[in-house]
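*Asks:* Please see the structure below; I have some questions.
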C-alpha cells in the first residue's frame, strides 16, 4: 500500500464478490486512494486479489479458516467479525486507514456494517447493499454514520450496478482524501455541549442553545428518536463532549414501554461514567411513541394523541412515571461528575396544551396531568443519592425554566474537574 495516498478498506466476501471488489478497488485507486481489500469469506476458496485474506482475518480472531468451514453460518460469521473488527480498527488506530466501503447482500451488509460501526464518527464509511432500502437498515447502521447506497440490482457487474458502486467509491475516496488533507492541521474548538431535543421541548431547547452558544460553547443537538440518544451516549464515551444538557430524556419512556424511540438501557449513563457535568430534565417523558396502527394490544385502552400521520403518542401513566423516576435515579447514582436535575412542575412537553383520545378518536381528557407526573418526582426523590433535584413552578417551555437550566449548567461546568475543556472530533 502506498503511504502517499489515504487507504480505504473494502469489506467483502471474496468467494462471491471478487470481481465487484476488484472493480471498486480500481475506482478507489482512480480517485486518489489506496484500496485495501479485506476478505470476509466464511470458508476457503480460490478467488484471488485480497490484501487481507480470509485466512488472515480468521487467524486474527483466534481461528483457522478450515475450522470456520465446519461451523454453522452464524458462528463462522461471528468468528470472522471478531477478527476483521480487530484488524480494521487496529489499522485505523495505527493511522493507516482513512475510510471503508462494504459490498454485499444481507449477510455481507450485516458483517461489513458491524465492522464499520467499530470505527469512530466522521471516518468515511459507505455500504453498497442489495438491502439498502429495507427496514433492516436501522439495525445495520444503528447510531453510526454509515452512508447506505442501494446497489439497485444485486451486487454484480453491469452498467447500472457498476455506476452505483463507482458513485459510492468516489464519495468515500473524496471524503478520505479531504480528511487526510486536514489531518496535519491544528484547530482549536470551543467546548462541545450536547443538548437532547424534540418538537415538544423546542421552546426550552432553542432558548438554552442560544444562551449556551453566547457563553462560548459549541452545541450539538440530538433528536430524541432512539438513534439520537445512542449517538449522544457514544460521543460522551468517546470523550468528545464537555457537558450535557439532557433536556429531552423521552427515550427512557420508550425503553420502559417498548416504544419505537427506545435508545436502549444505556441511555443516561455515559455522561456520568465520563464524569461530565450534566443537567437532566424529564423532558417529553409524558408520552411514548408508536407507529400509527401498531399499538400493542396491552395499551389499546390508554390515552393517545395523533401527532402526525406516522406517530401516535401514548400518555404516560402513574405506574410508568414511578418506574421512570427509579430508572433516572439508578442511572444517575453512578455518575462521577456533578448533576443537577430540574423538574418543570407545570408540564414536561408542549403536549400539555392538548386533549387525550382513545384509538377511535373520542376525546377522553387533558394531557396535562400533574398528579400523574408527581409519581416521577416522588420516585426520583426517594431513590436518587447523587446530585440535586430542583422542582421549578414552570412549564418546560417557559423562558424562566430554560434560564434555570442554563444557570445550573454554567454553575456545575465551572465546578467540574478541570473546568471546561476543548473538544474535537476524532
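The numbers here are math on the coordinates, done by the rules we state, and not lab data. If you're wondering where the values come from, they're calculated on a predicted model, not measured in any experiment. In this analysis, Cβ positions are derived from the backbone assuming ideal geometry, glycine residues included, and neighbour counts consider all displayed protein chains.
*Asks:* Run the helix sum for the chain: -39,500 (n - 2.57) per DSSP H stretch of 4+ residues, divided by residue count, reported at 222 nm to the nearest 500 deg cm²/dmol. Walk me through the numbers on the way to the answer.
*Replies:* Working: 14 runs with 170 residues, N = 426.
Here the helix-only value at 222 nm equals -12500 deg cm²/dmol.
*Asks:* Another question, if that's okay. Using a Förster distance of 51 Å, how high is the FRET efficiency between residue 411 and residue 362, based on the Cβ-Cβ distance and rounded to 0.05?
*Replies:* 0.60
*Asks:* Still on this structure: Is segment 235-278 rounded, prolate or oblate when judged by the Cα gyration tensor, a ≥ b ≥ c being the square roots of its eigenvalues, rounded requiring a/c under 1.5 and prolate requiring a/b larger than b/c? Could the numbers behind the result be given before it?
*Replies:* On the way: a/c = 2.79, a/b = 2.16, b/c = 1.29.
In terms of gyration-tensor shape, prolate.
*Asks:* Right, another one. Using a ≥ b ≥ c from the Cα gyration tensor of segment 67-154 (square roots of the eigenvalues), is it rounded, prolate or oblate, where a/c under 1.5 gives rounded and otherwise the larger of a/b and b/c decides, a/b for prolate? Write down the numbers at each step before the final one.
*Replies:* Numbers: a/c = 1.92, a/b = 1.01, b/c = 1.90.
Taking the square roots of the gyration eigenvalues as a ≥ b ≥ c, segment 67-154 is oblate.
*Asks:* Oh, and also: Please give the length that would be gained between residue 106 and residue 64 if that part of the chain were fully extended, namely 0.36 nm times their separation in residues minus their C-alpha to C-alpha distance (nm, one decimal).
*Replies:* Taking residue 106 through residue 64 to full extension adds about 12.7 nm, to one decimal.
*Asks:* Report the extension gain between residue 26 and residue 178 in nm, rounded to one decimal, defined as 0.36 nm multiplied by the number of residues separating them, less their alpha carbon distance. Working shown, then result.
*Replies:* On the way: separation 152, 0.36 × 152 = 54.72 nm, distance 1.92 nm.
Full extension from residue 26 to residue 178 adds 52.8 nm.
*Asks:* Let me ask something additional. Rounded, prolate or oblate, given the Cα gyration tensor of segment 7-182, with a/c below 1.5 counting as rounded? Spell out each step's value before the answer.
*Replies:* Working: a/c = 1.40, a/b = 1.24, b/c = 1.13.
Rounded shape, in that the Cα axes give a/c under 1.5.
*Asks:* Then there is this: Roughly how many nanometres apart are two label points built 7 Å out from the Cα toward the Cβ at residue 159 and residue 301?
*Replies:* 6.4 nm
*Asks:* Could you tell me the distance between the Cα centroids of segment 221-292 and segment 40-95, to the nearest Å?
*Replies:* 35 Å
*Asks:* Still on this structure, please answer the following. Kindly express, to the nearest 10 degrees and within the range 0 to 90, the angle between helix 159-182's C-alpha long axis and the longest C-alpha principal axis of the chain.
*Replies:* The angle comes out near 70 degrees.
*Asks:* What FRET efficiency, computed as 1/(1 + (r/R0)^6) with R0 = 45 Å and r the Cβ-Cβ distance, is obtained for residue 51 and residue 260, rounded to the nearest 0.05? Write out the running numbers ahead of the final one.
*Replies:* Details: r = 41 Å, r/R0 = 0.91.
Computed FRET efficiency for residue 51 and residue 260 comes out at 0.65.
*Asks:* Arranged by the count of other C-beta atoms within 10 angstrom, fewest first, what order do 218, 382, 361, 240 take?
*Replies:* Working: 218 14, 382 11, 361 8, 240 19.
The fewest-first ordering by Cβ neighbours comes to 361, 382, 218, 240.
*Asks:* Then there is this: Stretched out fully, how many nm does the piece from residue 219 to residue 71 gain, at 0.36 nm a residue minus the Cα gap?
*Replies:* Details: separation 148, 0.36 × 148 = 53.28 nm, distance 4.81 nm.
Answer, rounded to one decimal: 48.5 nm.
*Asks:* To continue, here is another question. Could you check the spin-label model distance between residue 152 and residue 294? Points 7 Å from the Cα along Cα→Cβ, value in nm.
*Replies:* Taking the two extended label points, one gets 3.0 nm.
*Asks:* As an exercise, use a Förster radius of 35 Å and the Cβ-Cβ distance of residue 400 and residue 318 to find the FRET efficiency, rounded to the nearest 0.05. Display every interim value, and only then the final one.
*Replies:* Values: r = 27 Å, r/R0 = 0.77.
Step by step, r from the Cβ atoms, then E = 0.85.
*Asks:* Cut-off 14 Å, label point 7 angstrom out along Cα-to-Cβ of residue 309: give me the residues of segment 266-292 whose amide nitrogen falls inside.
*Replies:* Counting only backbone N, you get 292.
*Asks:* Determine the distance separating the Cα centre of segment 174-197 from the Cα centre of segment 305-380; give it in Å without decimals.
*Replies:* Cα centroid of segment 174-197 versus Cα centroid of segment 305-380: 37 Å apart.
*Asks:* Hey, for a label at residue 134 modelled as a point 7 Å past Cα toward Cβ, could you say which residues of segment 12-54 have their backbone N under 17 Å away?
*Replies:* Label zone hits: 13.
*Asks:* Would you list 213, 303 from fewest to most Cβ contacts within 10 Å?
*Replies:* In increasing order of surrounding Cβ atoms, one gets 213, 303.
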